[in-house]
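Colleague: Below is one structure. I have some questions about it.
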Amino acid sequence: MHHPAFFDLVPRVRLYDPLAEFLGAFDGGIVEYAYLDAVRLAGHSCPTVAGAYWLTRQALGVLYGEALPERGGVQVSFRDSRVAGVTGVVANVVALLTGVTTDTGFKGLGGRFDRRNLLAFDAAQPLDIRFTRVDSGAAVDAVAHLREVPADPRMAPLMQRCVGGEASDEEAQVFRQLWQERVRRILLEHGNDPDVFVLRPVETN
C-alpha cells in the first residue's frame, strides 16, 4: 500500500492504555497511533482529518505535559451537533486516539475501563472541542483554523473538473498532489502555528 511519504514524517501520538495492559494487547499498555492510522479510519487524507489528528495530539500534550496521556482518561465535548459540518469526521479521529465514546463503547470490567459517556456534543463552550482529564478535571479548549493554510489557487478549478469527470489523467494527478501538499503543510509546517492550532487551558475556580 503506497501513500504520500510525508505521512511517515508526522509525529505519532503515544499513549498509555490501561485496558490494553490489563488484557495483554500491548506490553505495558503503551500504544502508538500514526497519522496513517487516522487516514485508514477515515478512508482519506484531508485537512479535516489532519486537523483532528494534530489538534488531539497537541491538546493531550497540554493536559499531560511530559507524562504519557491515558487513553480512556479524558472526556471530549464538541460545541456543535454530531451531524453539523465535519464534526462527525473530527469526532471519529478524536475517538480513535483517545478511546472516547458516547454510549456505544466498552462497558468495563469490575467497574474499571468503562469507555462510555466520555464523548458529548452540543456543549456550551467557547471553542470547537474541549478535552478534560477525568482524574484531575484539567481541561483545554481547542480549535483548528485550517483556512489559515490556504490551498494552491489551481486546486479549486481542478477539483471541479475532477468532480465533473472532465479532468485528464494528468490534471487529476496534479489535483491529488496539490491536495496532499496542503495537508502536508498543515501538519509539518504549521503544526506549532498558534494562528492555526489554538489551545486555551480552561481556568478552574
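Colleague: Rounded to the nearest whole Å², what accessible area per residue is found for segment 101-165 with the 1.4 Å probe?
Modeller: That works out to 60 Å² per residue.
Colleague: Please give the FRET efficiency for D114 paired with R14, using the beta carbon to beta carbon distance and R0 = 35 Å, rounded to the nearest 0.05.
Modeller: 0.90
Colleague: Okay, moving on. Where does each of 167-175, 15-23 land if you order them by average Cβ count within 10 Å, highest first?
Modeller: 15-23, 167-175
Colleague: Treat segment 41-90 as a sphere of radius equal to its Kirkwood radius over Cα pairs and apply Stokes-Einstein at 10 °C in a medium of 1.306 mPa s; give the translational diffusion coefficient in µm²/s, rounded to a whole number.
Modeller: It comes out at roughly 128 µm²/s.
Colleague: Checking the a/c ratio against 1.5 first, then a/b against b/c, what shape does the Cα gyration tensor give for segment 137-205?
Modeller: prolate
Colleague: Now for a different question. When the dipole is taken about the Cα centre of segment 1-153, and only Lys, Arg (+1) and Asp, Glu (-1) are charged at their Cβ, what size is it in debye, to the nearest 20?
Modeller: In debye, rounded to 20, segment 1-153 gives about 260.
Colleague: Given a Förster distance of 41 angstrom, what is the FRET efficiency for V202 paired with V163, based on the Cβ-Cβ distance and rounded to 0.05?
Modeller: 0.50
Colleague: How large is the translational diffusion coefficient of segment 1-76 in µm² per second when you combine the Kirkwood radius over alpha carbon pairs with Stokes-Einstein at 37 °C and 0.692 mPa s?
Modeller: 244 µm²/s
Colleague: To the nearest Å, what is the center-to-center distance of segment 127-205 and segment 1-58, using C-alpha atoms only?
Modeller: Cα centroid of segment 127-205 versus Cα centroid of segment 1-58: 16 Å apart.
Colleague: Looking at the chain, identify the longest residue range that excludes and avoids all trypsin sites (Lys or Arg not before Pro) in DSSP loops having at most 15 other Cβ atoms within 10 Å.
Modeller: Counting only loop sites that pass the neighbour cut-off, the longest clear stretch is 13-81.
Colleague: Now a separate question. What whole-number value in Å² describes the accessible area per residue of segment 1-74 for a 1.4 Å probe?
Modeller: Here the residues of segment 1-74 average 48 Å² of exposed surface.
Colleague: With the dipole of the chain worked out from charges on the C-beta (+1 for Lys and Arg, -1 for Asp and Glu) around the Cα centre, which of N192, V13, G105 lies farthest toward the positive end?
Modeller: Farthest towards the positive pole: G105.
Colleague: How would you classify segment 1-131 from its alpha-carbon gyration tensor, with a ≥ b ≥ c the square roots of the eigenvalues: rounded for a/c under 1.5, else prolate if a/b is greater than b/c, otherwise oblate?
Modeller: It comes out oblate by the Cα gyration axes.
Colleague: Next question, about the same structure. Rg/Rh for segment 122-166: what does it come to with C-alpha atoms and Rh from Kirkwood?
Modeller: Rg/Rh for segment 122-166 comes to 1.32.
Colleague: Next up: When the accessible area of segment 1-152 is computed with all protein chains present and a 1.4 Å probe, what percentage of it is carbon and sulfur?
Modeller: 51 percent
Colleague: Then there's this: Looking at segment 87-197, I'd like the Rg to Rh ratio, where Rg is from alpha-carbon atoms and Rh is Kirkwood's inverse mean 1/r.
Modeller: 1.12
Colleague: Arrange the residues H3, H44 by how much accessible surface each exposes, largest first, with a 1.4 angstrom probe. Mind dumping the intermediate values first?
Modeller: Values: H3 60, H44 80 Å².
Order by accessible area, largest first: H44, H3.
Colleague: Calculated from DSSP H runs of 4 or more alone, at -39500 (n - 2.57) each and per residue, what is the 222 nm mean residue ellipticity of the chain, nearest 500?
Modeller: Result for the chain: -10000 deg cm²/dmol, rounded to the nearest 500.
Colleague: If the convex hull of the alpha-carbon atoms of segment 1-42 is projected onto planes in all directions, what is the mean projected area in square nanometres?
Modeller: If I average the Cα hull's projected area over directions, I get 3.7 nm².
The values are calculated or read from the model by the stated rules, or taken from the named source; none is laboratory data. Computed from a predicted structure; not experimentally measured. When we count neighbours, we look across all protein chains shown, and the Cβ atoms used for this are built from the backbone with ideal geometry, even at glycine. Ligands, DNA and RNA are stripped out before the accessible areas are found, and what is left, the full protein with its side chains, is counted by its heavy atoms. Shrake-Rupley method; radii C 1.70, N 1.55, O 1.52, S 1.80 Å.
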